[in-house]
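Presented below is the structure to which this report refers.
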Amino acid sequence: MGFGTVGSGAAELLRENHDHILKNSMQDSLELTHILDLRDFPGSPYEPILTHDFNDILNDDQTGIVVETMGGIHPAYEFVSACLEAGKSVVTSNKELVAEKGCQLLRLAESKNVNFLFEASVGGGIPIIRPISQCLAANEFGKIAGILNGTTNYILTRMFENGVSFEAALREAQDRGYAERDPSSDIDGIDTARKISILASLAFGKHVYPKDVKPIGISGVTEADVKRAAEQGCVVKLLATAEKLRDGRIDVEVRPAFIRKTSPLAPVSGVYNAILVKGNATEDVMFYGRGAGKMPTASAVIADVIDCCKHVGTRKFFGWEDSEPGYTVSGNASALEIADV
Ligand code: HSE
(Lines give C-alpha, C1' and ligand atoms only; values in the text may rest on other atoms or scores of the structure.)
Protein backbone atom coordinates (compact mmCIF):
# COMPACT_ATOMS: atom_id res chain seq x y z
CA MET A 1 0.00 0.00 0.00
CA GLY A 2 1.77 3.13 -1.32
CA PHE A 3 4.01 2.89 -4.40
CA GLY A 4 6.27 5.85 -3.65
CA THR A 5 10.01 5.80 -2.95
CA VAL A 6 9.98 3.09 -0.28
CA GLY A 7 7.09 1.00 -1.65
CA SER A 8 8.54 0.84 -5.17
CA GLY A 9 11.96 0.04 -3.67
CA ALA A 10 10.44 -2.87 -1.73
CA ALA A 11 8.79 -4.21 -4.92
CA GLU A 12 12.09 -3.90 -6.81
CA LEU A 13 14.08 -5.63 -4.11
CA LEU A 14 11.57 -8.47 -3.94
CA ARG A 15 11.95 -8.91 -7.69
CA GLU A 16 15.75 -8.54 -7.87
CA ASN A 17 16.57 -10.81 -4.92
CA HIS A 18 13.53 -13.06 -5.27
CA ASP A 19 15.26 -16.45 -5.01
CA HIS A 20 17.39 -15.43 -2.06
CA ILE A 21 14.41 -13.83 -0.27
CA LEU A 22 12.20 -16.86 -0.95
CA LYS A 23 14.85 -19.20 0.47
CA ASN A 24 15.19 -17.07 3.60
CA SER A 25 11.41 -16.85 4.02
CA MET A 26 11.15 -20.65 4.35
CA GLN A 27 8.00 -20.65 2.20
CA ASP A 28 7.24 -22.46 -1.08
CA SER A 29 6.28 -19.26 -2.81
CA LEU A 30 6.28 -15.55 -2.14
CA GLU A 31 4.52 -13.30 -4.65
CA LEU A 32 3.57 -9.66 -4.82
CA THR A 33 -0.20 -9.85 -5.31
CA HIS A 34 -1.45 -6.23 -5.30
CA ILE A 35 -0.09 -2.70 -5.34
CA LEU A 36 -2.41 -0.01 -3.98
CA ASP A 37 -1.83 3.57 -5.06
CA LEU A 38 -3.95 6.54 -6.11
CA ARG A 39 -1.83 6.96 -9.24
CA ASP A 40 -1.61 4.92 -12.46
CA PHE A 41 1.77 3.68 -13.64
CA PRO A 42 1.31 3.07 -17.38
CA GLY A 43 4.00 0.84 -18.84
CA SER A 44 5.24 -0.31 -15.43
CA PRO A 45 5.83 -4.08 -15.07
CA TYR A 46 3.56 -3.83 -12.01
CA GLU A 47 0.58 -2.43 -13.96
CA PRO A 48 -1.34 -5.75 -13.94
CA ILE A 49 -1.40 -5.88 -10.14
CA LEU A 50 -2.06 -2.18 -9.55
CA THR A 51 -5.31 -1.30 -7.80
CA HIS A 52 -7.01 1.83 -6.48
CA ASP A 53 -9.32 -0.18 -4.23
CA PHE A 54 -8.10 -1.23 -0.76
CA ASN A 55 -10.80 -3.94 -0.63
CA ASP A 56 -8.93 -5.90 -3.32
CA ILE A 57 -6.23 -6.47 -0.71
CA LEU A 58 -8.45 -6.81 2.32
CA ASN A 59 -10.72 -9.42 0.73
CA ASP A 60 -7.96 -11.52 -0.84
CA ASP A 61 -7.43 -14.58 1.36
CA GLN A 62 -4.24 -15.45 -0.52
CA THR A 63 -2.64 -12.22 0.67
CA GLY A 64 -1.28 -12.85 4.14
CA ILE A 65 1.23 -10.02 4.53
CA VAL A 66 0.55 -6.36 3.78
CA VAL A 67 3.25 -3.69 3.44
CA GLU A 68 2.20 -0.13 4.26
CA THR A 69 4.47 2.62 2.90
CA MET A 70 1.85 5.33 2.36
CA GLY A 71 2.91 7.54 5.25
CA GLY A 72 0.64 9.75 7.37
CA ILE A 73 -2.01 8.61 9.84
CA HIS A 74 -5.13 8.58 7.67
CA PRO A 75 -6.05 6.37 5.92
CA ALA A 76 -2.96 4.31 6.88
CA TYR A 77 -4.32 3.66 10.39
CA GLU A 78 -7.71 2.50 9.13
CA PHE A 79 -6.17 0.29 6.42
CA VAL A 80 -3.58 -1.25 8.75
CA SER A 81 -6.19 -1.87 11.47
CA ALA A 82 -8.52 -3.54 8.95
CA CYS A 83 -5.70 -5.80 7.69
CA LEU A 84 -4.75 -6.86 11.22
CA GLU A 85 -8.43 -7.43 12.07
CA ALA A 86 -8.67 -9.65 9.00
CA GLY A 87 -5.77 -11.79 10.26
CA LYS A 88 -3.07 -10.41 7.95
CA SER A 89 0.38 -9.46 9.25
CA VAL A 90 1.44 -5.89 8.50
CA VAL A 91 4.88 -4.41 7.84
CA THR A 92 5.22 -0.63 7.84
CA SER A 93 7.86 2.03 7.29
CA ASN A 94 5.45 4.69 8.57
CA LYS A 95 7.06 6.30 11.63
CA GLU A 96 4.19 8.72 12.13
CA LEU A 97 1.77 5.80 12.40
CA VAL A 98 3.97 3.75 14.74
CA ALA A 99 4.84 6.74 16.93
CA GLU A 100 1.16 7.75 17.34
CA LYS A 101 -0.67 4.43 17.23
CA GLY A 102 2.00 1.77 17.81
CA CYS A 103 0.65 0.60 21.15
CA GLN A 104 -2.90 0.13 19.82
CA LEU A 105 -1.76 -1.63 16.65
CA LEU A 106 0.58 -3.96 18.55
CA ARG A 107 -2.31 -4.90 20.83
CA LEU A 108 -4.60 -5.51 17.89
CA ALA A 109 -1.94 -7.70 16.23
CA GLU A 110 -1.55 -9.63 19.48
CA SER A 111 -5.29 -10.24 19.75
CA LYS A 112 -5.35 -11.61 16.19
CA ASN A 113 -2.13 -13.65 16.56
CA VAL A 114 -0.47 -11.83 13.64
CA ASN A 115 2.62 -9.66 13.37
CA PHE A 116 2.95 -5.89 13.16
CA LEU A 117 6.59 -5.10 12.30
CA PHE A 118 8.25 -1.72 11.64
CA GLU A 119 12.03 -2.03 11.33
CA ALA A 120 12.01 0.52 8.48
CA SER A 121 10.32 3.21 10.58
CA VAL A 122 13.59 4.27 12.28
CA GLY A 123 17.04 4.62 10.74
CA GLY A 124 16.23 3.51 7.15
CA GLY A 125 18.52 0.56 6.42
CA ILE A 126 20.01 0.39 9.92
CA PRO A 127 18.85 -2.56 12.03
CA ILE A 128 17.68 -0.99 15.31
CA ILE A 129 14.17 -2.19 16.25
CA ARG A 130 15.17 -5.86 16.24
CA PRO A 131 18.51 -5.25 18.04
CA ILE A 132 16.80 -3.30 20.84
CA SER A 133 13.96 -5.79 21.24
CA GLN A 134 15.94 -9.02 20.72
CA CYS A 135 19.74 -8.84 20.70
CA LEU A 136 19.96 -6.39 23.62
CA ALA A 137 16.88 -7.74 25.44
CA ALA A 138 18.87 -8.73 28.54
CA ASN A 139 19.88 -5.12 29.24
CA GLU A 140 18.23 -2.36 31.20
CA PHE A 141 18.64 0.74 29.04
CA GLY A 142 19.82 4.04 30.48
CA LYS A 143 19.99 6.26 27.43
CA ILE A 144 19.58 6.29 23.66
CA ALA A 145 21.19 9.03 21.58
CA GLY A 146 21.01 9.32 17.84
CA ILE A 147 21.22 11.21 14.61
CA LEU A 148 17.92 10.00 13.19
CA ASN A 149 17.13 12.18 10.20
CA GLY A 150 18.99 11.76 6.91
CA THR A 151 17.69 14.97 5.34
CA THR A 152 18.84 17.34 8.07
CA ASN A 153 22.18 15.57 8.47
CA TYR A 154 22.65 15.79 4.70
CA ILE A 155 21.76 19.51 4.72
CA LEU A 156 24.06 20.32 7.68
CA THR A 157 26.91 18.41 6.02
CA ARG A 158 26.44 20.01 2.57
CA MET A 159 26.06 23.52 4.01
CA PHE A 160 28.92 23.54 6.46
CA GLU A 161 31.43 21.16 4.89
CA ASN A 162 30.77 21.90 1.21
CA GLY A 163 29.47 25.48 1.26
CA VAL A 164 26.15 24.62 -0.47
CA SER A 165 23.14 26.89 0.29
CA PHE A 166 20.29 25.60 2.50
CA GLU A 167 17.84 25.65 -0.43
CA ALA A 168 20.19 23.76 -2.77
CA ALA A 169 21.06 21.16 -0.11
CA LEU A 170 17.36 20.58 0.60
CA ARG A 171 16.67 20.18 -3.13
CA GLU A 172 19.46 17.59 -3.35
CA ALA A 173 17.96 15.68 -0.40
CA GLN A 174 14.55 15.76 -2.11
CA ASP A 175 16.01 14.59 -5.44
CA ARG A 176 17.65 11.66 -3.67
CA GLY A 177 14.36 10.63 -2.07
CA TYR A 178 15.43 11.41 1.51
CA ALA A 179 13.05 14.23 2.42
CA GLU A 180 9.46 13.90 3.62
CA ARG A 181 6.67 15.09 1.31
CA ASP A 182 6.49 18.16 3.53
CA PRO A 183 10.19 18.73 4.32
CA SER A 184 9.34 20.99 7.26
CA SER A 185 8.83 17.80 9.29
CA ASP A 186 12.51 17.01 8.63
CA ILE A 187 13.80 20.57 9.16
CA ASP A 188 11.74 21.25 12.30
CA GLY A 189 12.76 18.01 14.02
CA ILE A 190 9.26 16.47 13.89
CA ASP A 191 10.41 13.36 12.00
CA THR A 192 13.27 12.93 14.49
CA ALA A 193 10.83 13.33 17.39
CA ARG A 194 8.67 10.51 15.99
CA LYS A 195 11.67 8.21 15.59
CA ILE A 196 13.09 8.81 19.07
CA SER A 197 9.55 8.29 20.45
CA ILE A 198 9.48 4.83 18.84
CA LEU A 199 12.93 3.92 20.15
CA ALA A 200 12.13 5.21 23.64
CA SER A 201 8.83 3.27 23.72
CA LEU A 202 10.62 0.09 22.75
CA ALA A 203 13.64 0.53 25.03
CA PHE A 204 11.82 1.73 28.15
CA GLY A 205 8.60 -0.28 27.77
CA LYS A 206 5.87 2.39 27.75
CA HIS A 207 4.50 4.54 24.96
CA VAL A 208 6.25 7.86 24.43
CA TYR A 209 3.80 9.97 22.42
CA PRO A 210 5.38 12.41 19.93
CA LYS A 211 2.92 15.12 21.01
CA ASP A 212 4.82 15.22 24.34
CA VAL A 213 8.19 15.80 22.67
CA LYS A 214 9.20 19.40 22.00
CA PRO A 215 11.68 19.36 19.11
CA ILE A 216 13.94 22.23 18.06
CA GLY A 217 14.82 22.10 14.36
CA ILE A 218 17.86 23.18 12.36
CA SER A 219 16.54 26.29 10.61
CA GLY A 220 18.27 28.60 13.13
CA VAL A 221 21.73 27.03 12.77
CA THR A 222 24.20 29.54 11.30
CA GLU A 223 27.78 29.46 10.11
CA ALA A 224 28.73 31.37 13.28
CA ASP A 225 27.29 28.49 15.38
CA VAL A 226 29.30 25.96 13.41
CA LYS A 227 32.49 28.05 13.91
CA ARG A 228 31.78 28.40 17.64
CA ALA A 229 31.30 24.62 17.84
CA ALA A 230 34.61 24.02 16.06
CA GLU A 231 36.40 26.37 18.51
CA GLN A 232 35.11 24.14 21.31
CA GLY A 233 36.24 20.94 19.55
CA CYS A 234 32.66 20.08 18.48
CA VAL A 235 30.43 19.62 15.44
CA VAL A 236 26.75 20.59 15.11
CA LYS A 237 24.22 17.76 14.62
CA LEU A 238 20.46 17.40 15.04
CA LEU A 239 20.58 15.15 18.08
CA ALA A 240 17.81 13.06 19.64
CA THR A 241 18.13 11.66 23.16
CA ALA A 242 15.90 9.60 25.42
CA GLU A 243 16.97 9.04 28.99
CA LYS A 244 15.34 7.30 31.91
CA LEU A 245 15.12 9.61 34.94
CA ARG A 246 15.44 8.39 38.54
CA ASP A 247 11.69 8.71 39.06
CA GLY A 248 10.99 6.44 36.05
CA ARG A 249 9.88 9.19 33.66
CA ILE A 250 11.58 9.51 30.28
CA ASP A 251 13.27 12.72 29.20
CA VAL A 252 13.15 12.99 25.40
CA GLU A 253 14.97 15.82 23.63
CA VAL A 254 15.50 16.78 19.99
CA ARG A 255 17.72 19.75 19.24
CA PRO A 256 20.73 20.92 17.23
CA ALA A 257 23.58 20.17 19.63
CA PHE A 258 27.32 20.56 19.87
CA ILE A 259 28.83 17.07 19.79
CA ARG A 260 32.45 16.62 20.87
CA LYS A 261 34.69 15.38 18.05
CA THR A 262 35.68 12.48 20.32
CA SER A 263 32.07 11.18 20.32
CA PRO A 264 31.33 8.29 17.92
CA LEU A 265 28.36 10.37 16.70
CA ALA A 266 30.57 13.26 15.52
CA PRO A 267 31.81 11.81 12.19
CA VAL A 268 28.30 10.75 11.06
CA SER A 269 27.81 12.77 7.85
CA GLY A 270 25.50 13.13 4.88
CA VAL A 271 22.48 10.85 4.80
CA TYR A 272 24.03 8.54 7.37
CA ASN A 273 22.32 8.04 10.74
CA ALA A 274 23.72 6.54 13.91
CA ILE A 275 22.15 5.37 17.14
CA LEU A 276 24.06 4.92 20.36
CA VAL A 277 22.36 2.62 22.88
CA LYS A 278 23.58 2.38 26.46
CA GLY A 279 22.75 -0.96 28.04
CA ASN A 280 23.73 -1.81 31.61
CA ALA A 281 25.47 -4.99 30.47
CA THR A 282 26.80 -3.97 27.07
CA GLU A 283 27.60 -0.29 27.83
CA ASP A 284 27.71 1.63 24.52
CA VAL A 285 26.57 -0.10 21.33
CA MET A 286 26.39 1.95 18.13
CA PHE A 287 24.39 1.28 14.95
CA TYR A 288 25.37 3.13 11.78
CA GLY A 289 24.16 3.23 8.19
CA ARG A 290 22.04 4.99 5.60
CA GLY A 291 19.11 6.53 7.43
CA ALA A 292 16.94 7.28 4.40
CA GLY A 293 16.63 6.42 0.73
CA LYS A 294 14.83 3.94 -1.46
CA MET A 295 16.81 0.72 -1.32
CA PRO A 296 18.23 0.93 2.24
CA THR A 297 14.70 1.44 3.60
CA ALA A 298 13.34 -1.27 1.28
CA SER A 299 15.92 -3.63 2.78
CA ALA A 300 14.39 -3.15 6.23
CA VAL A 301 10.84 -3.57 4.86
CA ILE A 302 11.62 -6.84 3.10
CA ALA A 303 13.50 -8.20 6.13
CA ASP A 304 10.26 -7.73 8.09
CA VAL A 305 8.30 -9.47 5.33
CA ILE A 306 10.71 -12.41 5.61
CA ASP A 307 10.19 -12.43 9.38
CA CYS A 308 6.40 -12.49 8.89
CA CYS A 309 6.83 -15.46 6.53
CA LYS A 310 8.76 -17.28 9.24
CA HIS A 311 6.09 -16.53 11.82
CA VAL A 312 2.88 -17.56 10.09
CA GLY A 313 0.33 -18.62 12.70
CA THR A 314 2.57 -17.41 15.53
CA ARG A 315 3.78 -14.06 16.82
CA LYS A 316 7.04 -12.35 17.59
CA PHE A 317 6.48 -11.04 21.08
CA PHE A 318 7.63 -7.50 21.31
CA GLY A 319 6.13 -4.12 21.96
CA TRP A 320 5.29 -1.85 24.85
CA GLU A 321 2.48 -0.84 27.21
CA ASP A 322 0.49 2.34 27.18
CA SER A 323 1.78 5.16 29.42
CA GLU A 324 0.20 7.47 31.95
CA PRO A 325 0.03 11.28 31.41
CA GLY A 326 3.31 12.90 32.46
CA TYR A 327 5.44 9.85 31.60
CA THR A 328 7.39 11.83 28.99
CA VAL A 329 9.20 15.06 29.83
CA SER A 330 10.77 17.26 27.17
CA GLY A 331 12.09 20.75 26.50
CA ASN A 332 14.85 20.64 29.13
CA ALA A 333 17.78 20.79 26.72
CA SER A 334 18.90 23.99 25.01
CA ALA A 335 19.91 24.19 21.37
CA LEU A 336 23.56 24.61 20.42
CA GLU A 337 25.09 23.47 23.69
CA ILE A 338 27.51 20.62 24.28
CA ALA A 339 25.65 17.31 24.66
CA ASP A 340 26.88 14.49 26.83
CA VAL A 341 27.01 11.75 24.17
N1 HSE B 1 12.77 12.06 5.79
C2 HSE B 1 13.38 10.98 6.51
C3 HSE B 1 14.85 11.30 6.71
C4 HSE B 1 13.20 9.71 5.73
O5 HSE B 1 15.36 12.19 6.03
O6 HSE B 1 15.49 10.67 7.54
C7 HSE B 1 13.60 8.48 6.49
O8 HSE B 1 12.79 8.25 7.60
Q: Taking every Cα atom in region 60-197, find the radius of gyration and the maximum pairwise distance Dmax, and write them in Å.
A: 17.1, 54
Q. For the peptides 53-59, 125-131, what is the packing order when you average, over each peptide's residues, the other Cβ atoms within 10 Å and list the highest mean first?
A. 125-131, 53-59
Q: Let me have the relative contact order for region 177-244, percent, based on Cα pairs under 8 Å that are six or more residues apart.
A: 32 percent
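Holding the Cα-Cα limit at 26 Å, pick out from LYS214/LYS278; LYS143/LYS294; LYS95/LYS310; LYS143/LYS310; LYS101/LYS316; LYS143/LYS195 the pairs that are longer than that.
Values: LYS214/LYS278 23 Å; LYS143/LYS294 29 Å; LYS95/LYS310 24 Å; LYS143/LYS310 32 Å; LYS101/LYS316 18 Å; LYS143/LYS195 15 Å.
Pairs exceeding the cut-off: LYS143/LYS294; LYS143/LYS310.
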Q) So what does log10 I(q)/I(0) come out to for region 1-66 at q = 0.13, 0.14, 0.22, 0.25 Å⁻¹, using the Debye formula with one equal point on every Cα and no solvent? A) -0.37, -0.43, -1.03, -1.22
Q. So how exposed is CYS309, as accessible area in Å² (1.4 Å probe, rounded to 10)?
A. 10 Å²
(Q) Tell me the relative contact order for region 47-140 as a rounded percent, counting alpha carbon contacts under 8 Å between residues six or more apart. (A) 23 percent
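Report the Stokes-Einstein translational diffusion coefficient (µm² s⁻¹, integer) for region 185-255, Rh taken as the Kirkwood radius over Cα pairs, at 20 °C with viscosity 1.002 mPa s.
163 µm²/s
Using a probe radius of 1.4 Å on heavy atoms only, what accessible surface per residue do you get for region 259-341? Whole Å² is fine.
On the way: 3840 Å² over 83 residues.
Each residue of region 259-341 exposes 46 Å² on average to a 1.4 Å probe.
Give the Rg/Rh ratio for region 38-104, taking Rg as the radius of gyration of the Cα atoms and Rh as the Kirkwood radius, to two decimals.
Values: Rg = 12.7 Å, Rh = 12.9 Å.
Radius of gyration relative to Kirkwood radius: 0.99.
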Q | Percent RCO, i.e. relative contact order, over the chain, from Cα pairs under 8 Å lying at least 6 residues apart | A | 23 percent
Q.
Let me make sure I get this right: for region 244-341, a, b and c are the square roots of the gyration tensor eigenvalues over alpha carbons, sorted descending. Under 1.5 in a/c it's rounded, otherwise prolate if a/b > b/c, else oblate. Which is it?
A. oblate
Q.
Please list ILE275, ILE216 from largest to smallest accessible area, probe radius 1.4 Å, with all protein chains kept in place.
A. ILE216, ILE275
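Longest segment of the chain with no GluC sites (Glu not before Pro) in a DSSP loop having at most 14 other Cβ atoms within 10 Å?
On the way: sites that count: GLU31, GLU140, GLU337.
Segment 141-336 is the longest.
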Q.
Please report the carbon-and-sulfur percent of the accessible area for region 223-341; probe 1.4 Å, protein heavy atoms only, DNA, RNA and ligands left out.
A. 49 percent
Q.
So if I take the alpha carbon set of the chain, get Rg, then get Rh from the Kirkwood formula, what is the Rg over Rh ratio?
A. 0.97
Q. Between the helical axis of 150-162 and the dominant principal axis of the chain, each derived from Cα atoms, what acute angle in degrees is found, rounded to the nearest 10?
A. 40 degrees
Q | Whole-angstrom gap from region 11-46 to region 276-326, using each part's C-alpha centre | A | 22 Å
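Rounded, prolate or oblate: which one fits region 1-128, using the alpha carbon gyration tensor with axes a ≥ b ≥ c (rounded when a/c is under 1.5, else prolate when a/b beats b/c, else oblate)?
On the way: a/c = 1.32, a/b = 1.23, b/c = 1.08.
It comes out rounded by the Cα gyration axes.
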Q | region 73-143: C-alpha gyration tensor shape, a/c 1.5 cut-off, then a/b vs b/c | A | prolate
Q: For region 297-341, compute Rh as the Kirkwood radius over C-alpha pairs and then the Stokes-Einstein diffusion coefficient at 20 °C and 1.002 mPa s; write the answer in µm²/s, rounded to an integer.
A: 141 µm²/s
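The values are calculated or read from the model by the stated rules, or taken from the named source; none is laboratory data. Computed from a predicted structure; not experimentally measured. Neighbour counts run over all protein chains shown; Cβ positions are idealised from the backbone, glycine included. What goes into the accessible areas is simple: the full protein's heavy atoms, side chains included, and nothing from ligands, DNA or RNA. Shrake-Rupley method; radii C 1.70, N 1.55, O 1.52, S 1.80 Å.
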